[in-house]
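Quick notes on the structure that follows.
The values are calculated or read from the model by the stated rules, or taken from the named source; none is laboratory data. In this text, all values refer to a predicted model and were calculated from it rather than measured experimentally. We place every Cβ from the backbone using ideal geometry, glycine too, and count neighbours over all the protein chains shown. Each accessible area value is taken on the protein alone, full model and side chains, heavy atoms only, with ligands, DNA and RNA left out. Shrake-Rupley method; radii C 1.70, N 1.55, O 1.52, S 1.80 Å.
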Amino acid sequence: RRGALATAVVELLGCRCSTLGYTIGYALPRVPLQVHLSAPAETSLPQLGPHLPPRLMQQPWRLLYCTGRDGFSLRTLYRCGAQTGSPALLLIRDTEAQAFGVFSATAICCSNGFYGTGETFLFSFSPELKVFRWTGRNNLFMKGDVDLLMVGGGSGRCGLWLDGDLHHGGSHPCETFNNETLSLREEFCVQDLEVWGLA
């Protein structure tokens, strides 16, 4: 049974709660970022659902990893988020209250090389939603090891990177997504981070 706070959160976002998690609906497509990330993202979070692949519009999602519950560790993120065949939504809030992240059609994992598909995209809320899709210029979608997670690349620049302890990261314009810098500065400190996957 949901408490008053959880009910308020669901009503605020327009999410339908399923028995396994939250459903991102097409008509009510807000992502439940604020379950663990605090204001102002929870009240200004634009609709992300319509930007997901159509096959995921009505799928139930659940929280796989969050720094508030699981601690700050890239190893733990890989372990908790290793849901084979499931897409992943990685959401970040930095210490300057900027919210941004990445959608991956595949699970976020430790890898020897780059992986992912052209459905991968970066996004930011500044404060309105901006989505940066694959340009087709390269296939440098995602790559991760225990010390670094990288999203996007080309000419020596990553669209988004996070260090092994998930305390620091950076964002630069990159060829893969032709994105803007997602945070206010090219390097940022993580306040909260979540990974969502299909329930």
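Before moving on, here are some points about what is shown:
- Dividing the radius of gyration of the alpha carbons in the range 149-199 by their Kirkwood radius gives 1.01 for Rg/Rh.
- Where labels lie 7 Å past Cα in the beta-carbon direction, separation of E128 and R157 in nm: 2.4 nm
- For the range 67-199: accessible area per residue (Å², 1.4 Å): 41 Å²
- Projecting the Cα atoms of N178, V146, L198 onto the dipole axis of the range 68-199, where Lys and Arg carry +1 and Asp and Glu carry -1 at the beta carbon, places L198 farthest toward the positive end.
- Under the simplified labelling scheme, the T84-D165 pair shows an inter-label distance of 3.4 nm, with each label point 7 Å from Cα along Cα→Cβ.
- Relative intensity of the range 77-158 on a log10 scale, I(q)/I(0) at q = 0.12 Å⁻¹, equals -0.35, per a Debye sum over C-alpha point scatterers of equal strength in the absence of solvent.
- Sorted from longest to shortest, the spans of the Cα atoms of the range 59-199 along the three principal axes equal 33, 32, 30 Å.
- Full extension of the chain between E186 and R69 gives 39.4 nm of extra length, using 0.36 nm per residue less the Cα-Cα distance.
- Along each principal axis, taking the top coordinate minus the bottom one, the Cα set of the range 136-178 gives 31, 16, 13 Å in descending order.
- Loop-located chymotrypsin sites (Phe, Trp or Tyr not before Pro) in the range 99-199 whose Cβ has at most 15 other Cβ within 10 Å (DSSP): none
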